[in-house]
1. Here is a list: VAL355, VAL327. Which entry is closer than 15 Å to VAL267 by Cα and touching a strand residue (DSSP E or B) at 6+ places or on another chain (Cβ under 7 Å)?
2. Of the numbered conditions (1) exposed (fewer than 14 other Cβ atoms within 10 Å of the Cβ); (2) in a loop (DSSP other than H, G, I, E, B); (3) among the polar types (S, T, N, Q), ASN381 fails exactly one; give the number of that condition.
3. Can we say VAL450 is of a type outside the set (D, E, K, R) and over 30 Å from GLY311 (Cβ atoms)?
4. On the basis of being closer than 30 Å to ARG241 by Cβ and either outside any loop (DSSP other than H, G, I, E, B) or out of contact with any Ser or Thr (no Cβ under 9 Å at 6 or more places or on another chain) (or both), does ASN437 make the cut?
5. I'd like to check something: does the range 344-362 contain any residue that is farther than 24 Å from GLY289 by Cβ, part of a loop (DSSP other than H, G, I, E, B) and not basic (Lys, Arg)?
6. Taking the range 429-442, which residues are surrounded by 18 or more Cβ atoms within 10 Å (Cβ to Cβ) and small (Gly, Ala, Ser)?
7. If ASN255 passes every condition in (1) in contact with a strand residue (DSSP E or B) (Cβ under 7 Å, 6 or more places away or on another chain); (2) surrounded by fewer than 24 Cβ atoms within 10 Å (Cβ to Cβ); (3) among the polar types (S, T, N, Q); (4) over 19 Å from GLY154 (Cβ atoms) but one, which one does it miss?
8. For the range 209-230, name all the residues that are crowded, with 24+ Cβ neighbours inside 10 Å, more than 13 Å from the chain's Cα centre (by Cα) and on the phi > 0 side of the Ramachandran plot.
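The values are calculated or read from the model by the stated rules, or taken from the named source; none is laboratory data. Keep in mind that this is a model prediction, so the values were computed, not measured. Here the Cβ is made from the backbone with ideal geometry for all residues, glycine too, and neighbour counts use every protein chain on show.
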Amino acid sequence: MQLLTVRQSASEAPRHRPRRPRRPLRSRGPVRPRGAVRALPALLVAALALTGCSSAGGPSSDARHPEGTVVRVPQDFPSVQKAVDVAREGDTVLVSPGTYQESVRITKPRIVLRGTDRNSVVLDGGVRLVNGVTVTGAGSVVENLTVHGYLANGVLFTGVTDEKLQQRGAGGSAYNPLDTTRFPALQGFRATRVTAYNNGLYGIYAFDARAGIIEDSYASGGADSGVYVGQCKPCDTLVRRNTVERNAVGIEITNASDNLWFLGNRVVGNRVGVTVNSNDLEALAPQHGAVIAGNAVTDNNASDTPEQADGGFGIGIGIGGGTANRVERNLVKGNRSAGVIVTDPPGHPAAGNLVKGNRAEGNGVDLVLASADPGNCFTGNQPATQSPDDLESRAACDAQSRSPLATGRAAPVQAPPGVPFNQVQAPPAQPSLPDPNAPARPATDLPGPVDPDAYPLPATADAVLPH
């Protein structure tokens, strides 16, 4: 939904080509690139006209539940949706290899949707269906399968239960502020070993959802971002050991606050690596209190990615108006514009952010502070370059007092043309569950104890994803 670019002068600012005209764009400072291709809104409208509800069908009146707690596809029911409709709370829907050209809606609590093989159980939207799997049932799980080719989202976890709003491609009401009274947050969710690629907005999307985990998954070809967590407070959410590459943005965090961890992820070869944002066009601003630690955020300058309308390119980790976030022990390398950049969008000064112990090297500028708030601090990051030049000494975290600095600047870059999301290179096979027949675990009592210190500074981009 929101993305951050470097602070530029008026003459350097990219020409904006808004794809969601209901939101104003800005020409200075952090702006809000969109990853969706230009044709996406028209495709969504056409999809709705053709398909109506994205579900493959409602519950069958004569459907019979099989013995036990496992409902099998296609052995018991020919489609995933029919099996989900018949499943009872706490059941597992176990899907055998095949390509399933349908959208799936999980509205019951504690349903586990699992593939028997991650790479050969494929939900395929055919670039005509809107969402792959939409989960509004508390404590439900999606694991060990692939989802691709959807006009909006691969997997969506949300408390927004209005199907018409979901059909617009996101969890919220057409990107307007969320009505948190009408749509309380989904309580409990998990995505494990999901491959989400070539989807028109987000790969794995948690919106108005809390108490969850996104883990050991892979997302590429997302026209907005690979993994997105937005509009939750407190989020109580852990995003760990995922690989995100060849997306417009690897990981996005917007208006998502408190008890929120991004640990040990591999964020490589996107246009922008990680963004942390606040805005008033959506609910629950300002963003607050995320921990981003032990990640590899490298070489986010990929041209074989969906184009961003607002021009974001070559940024590792960007904080645009976020507050009290911790960015620690990350490898941030080879991002042509900026390694770590902190900026102020209109109305939301970035305040109280700690950038500590990162290895920032080989970026256009390794560390950039473009915020006027003196509460942000930088310590022990091993940068070769920083802007302003005296950033780490004047904004040291152990300083008795800090005064505002001159506005830092990232290296100017020209974003190359992008590619349509459905033409991004398909990923290689990903690790599957060792035993898909093992008893399933609904998403209850999550995320459990979280220890960010267990995720050290990676030595290389491949030295992440600890298990």
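1. Values: VAL355 fails: closer than 15 Å to VAL267 by Cα.
Residue meeting the stated conditions: VAL327.
2. (1)
3. Values: of a type outside the set (D, E, K, R): yes; over 30 Å from GLY311 (Cβ atoms): yes.
Judged against the criteria, VAL450 is a match.
4. On the way: closer than 30 Å to ARG241 by Cβ: yes; either outside any loop (DSSP other than H, G, I, E, B) or out of contact with any Ser or Thr (no Cβ under 9 Å at 6 or more places or on another chain) (or both): no.
Judged against the criteria, ASN437 is not a match.
5. Taking the range 344-362 and keeping what is farther than 24 Å from GLY289 by Cβ, we get 361-362.
Now drop any that are not part of a loop (DSSP other than H, G, I, E, B), which leaves 362.
Add one more test, that the residue is not basic (Lys, Arg), and what stays is 362.
Within the range 344-362, one or more residues are farther than 24 Å from GLY289 by Cβ, part of a loop (DSSP other than H, G, I, E, B) and not basic (Lys, Arg).
6. If the condition is that a residue be surrounded by 18 or more Cβ atoms within 10 Å (Cβ to Cβ) and small (Gly, Ala, Ser), then SER432, ALA440 are the ones that fit.
7. Unmet condition: (2).
8. ALA211
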